[in-house]
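This report refers to the structure that appears directly beneath it.
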Amino acid sequence: MKKILFIFILISITSCAEKKSTKSEQIIKYYEGFKNSDYNQIKRTISDSLTIIEGDYTMAYTPESFYNQFKWDSVFKPVYKLVSLENENKQVVATVSVNSLRFEFLKNNPLTCKHKFHFKSGKINKIETLDCIDANWEIWQKERDTLVNWVKFNHPELDGFINDLNMKGAIDYLNAIELYKKSQVKVIE
């Protein structure tokens, strides 16, 4: 009888010690996954369905399809920095600064944005971009459009990279940037 009581007490203590991660802890783990290039860590923080809203764009992902987004993003060698976390009406707003080769080309590096995180059953199920504090969208659009038009004329084999959100599209995007930069150096010389 004493053994059974001891096991019951031990199980009770252990289950009390294993508390669910808080929302803030989940967000920290989510960004640590990006920092460590560890998609499995990210996957453990997201729900079976993840919706990302950026301006007029709404993108729905499963953990498997979000892995493709992760791989696309990784081509640009991003460095994520979690600047702050604030609680707002059952959601958490994270301010995140990201440096990347793509943002550098688009002359918006780092890009610092506020994201509102929504949760379902303790996992991230929606991320809304609220505001990109230091973004200059006019310069972004000018640089992007210049690259797209240059590629159409000079390297049509890469045309369409801007809308190709898989690994090949990201590699083509990076190649387009490098080819464009080389062409500009030749013009200056």
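Some values worked out for this structure:
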| item | result |
| --- | --- |
| Those strands (runs of 3 or more DSSP E) lying entirely in the stretch 65-181 with at least 3 residues touching a His at 6+ places or on another chain (Cβ under 6 Å) and at pLDDT 95 or above | 123-132 |
| S121 surrounded by fewer than 12 Cβ atoms within 10 Å (Cβ to Cβ), more than 19 Å from E54 (Cα to Cα), touching a residue at least 12 places away in the same chain (Cβ under 8 Å) and over 16 Å from the mean Cα position of the chain (by Cα) | yes |
| T62, sole failed condition from (1) more than 20 Å from I171 (Cα to Cα); (2) among the β-branched types (V, I, T); (3) in contact with a strand residue (DSSP E or B) (Cβ under 6 Å, 6 or more places away or on another chain) | (3) |
| Among the candidates E138, E143, E178, residue that is out of contact with any strand residue (DSSP E or B) (no Cβ under 8 Å at 6 or more places or on another chain) and crowded, with 16+ Cβ neighbours inside 10 Å | E143 |
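Residue-wise test of (1) touching a Ser or Thr at 6+ places or on another chain (Cβ under 9 Å); (2) surrounded by 15 or more Cβ atoms within 10 Å (Cβ to Cβ); (3) at pLDDT 95 or above; (4) among the hydroxyl-bearing types (S, T, Y).
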| position | (1), (2), (3), (4) |
| --- | --- |
| I46 | no, yes, yes, no |
| I52 | yes, yes, yes, no |
| G55 | yes, no, no, no |
| T58 | yes, no, yes, yes |
| Y61 | yes, yes, yes, yes |
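The values are calculated or read from the model by the stated rules, or taken from the named source; none is laboratory data. Note that this is a predicted model, so its numbers are computed, not measured. Cβ coordinates were reconstructed from backbone atoms using ideal geometry, including for glycine residues, and neighbour counts include every protein chain displayed.
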